[in-house]
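Here the structure comes first, spelled out in structure tokens, and everything after it is commentary.
The values are calculated or read from the model by the stated rules, or taken from the named source; none is laboratory data. If you're wondering where the values come from, they're calculated on a predicted model, not measured in any experiment. Note that each Cβ is placed from the backbone with ideal geometry, even for glycine, and that neighbours are counted across all protein chains shown.
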Amino acid sequence: MSEAEQRFLVYILRCVDGTYYVGSTTDLVSRLGAHNAGRGPRFTACRRPVTLVYSEPFDTFDQARRREVQIKKWSRPKKEALIRGDMGTLHALSRRRRHCPPQSGRAFAKKHF
């Protein structure tokens with residue numbers, strides 16, 4: 001099957017201890033079975049059973065991989081907003097992290113001069 005015919009998925013699993021695992025695959029059913037059988041990564045192997053809580057389809061491997069890496073960097077509250085489909089909270093959490101508090105003139109002068 002060519003890449004054009006495949007469907008690539010990014011997924012989030014909730015582990016039995018409440019942690020989240022983010023991954024990507026072309027066969028979600030098989031991958032979930034592997035995670036729950038302990039044949040997945042070490043992270044999920046010792047946190048079974050895992051439950052699928054989110055998935056997102058992509059047309060190419062590169063798109064899916066970029067999204068997987070992006071989500072892995074997110075905070076827990078941001079992942080939970082995505083899982084809930086709460087786009088308002090997701091955007092608010094994104095905005096908050098982008099803006100740094102203003103530095104005082106003294107701190108700036110000390111650092112850069």
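Taking into account only those residues within segment 68-84 that are closer than 12 Å to Gly23 by Cβ and β-branched (Val, Ile, Thr), which is nearest to the chain's Cα centre (by Cα)?
Per the criteria, the residue is Ile71.
When both residues are 6+ apart or on different chains and their Cβ atoms are under 6 Å apart, which pairs have a first residue that lies in segment 68-93 and is buried (at least 18 other Cβ atoms within 10 Å of the Cβ), and a second that is outside any helix (DSSP H, G or I)?
If the second residue must be outside any helix (DSSP H, G or I), the pairs left are Glu68/Val10; Glu68/Val22; Glu68/Ser24; Ile71/Val22; Lys79/Tyr20.
Go through segment 15-33 and give me each residue that's over 21 Å from Val69 (Cα atoms) and either among the hydrophobic types (A, V, I, L, M, F, W, C) or touching a Pro at 6+ places or on another chain (Cβ under 6 Å) (or both).
Val16, Val29
I need the full set of residues from segment 48-66 which are surrounded by 14 or more Cβ atoms within 10 Å (Cβ to Cβ), of a type outside the set (Ser, Thr, Tyr) and touching a Leu at 6+ places or on another chain (Cβ under 9 Å), in order please.
Val50, Leu52, Val53, Glu56, Phe58, Ala64
Would you check which residues across segment 11-67 are without any contact (Cβ under 8 Å) to a residue 12 or more places away in the chain, within 17 Å of the chain's Cα centre (by Cα) and outside any loop (DSSP other than H, G, I, E, B) and list them?
Asp62, Arg66
Which condition number does Ala109 fail, the rest of (1) part of a helix (DSSP H, G or I); (2) modelled with pLDDT of 95 or more being met?
(2)
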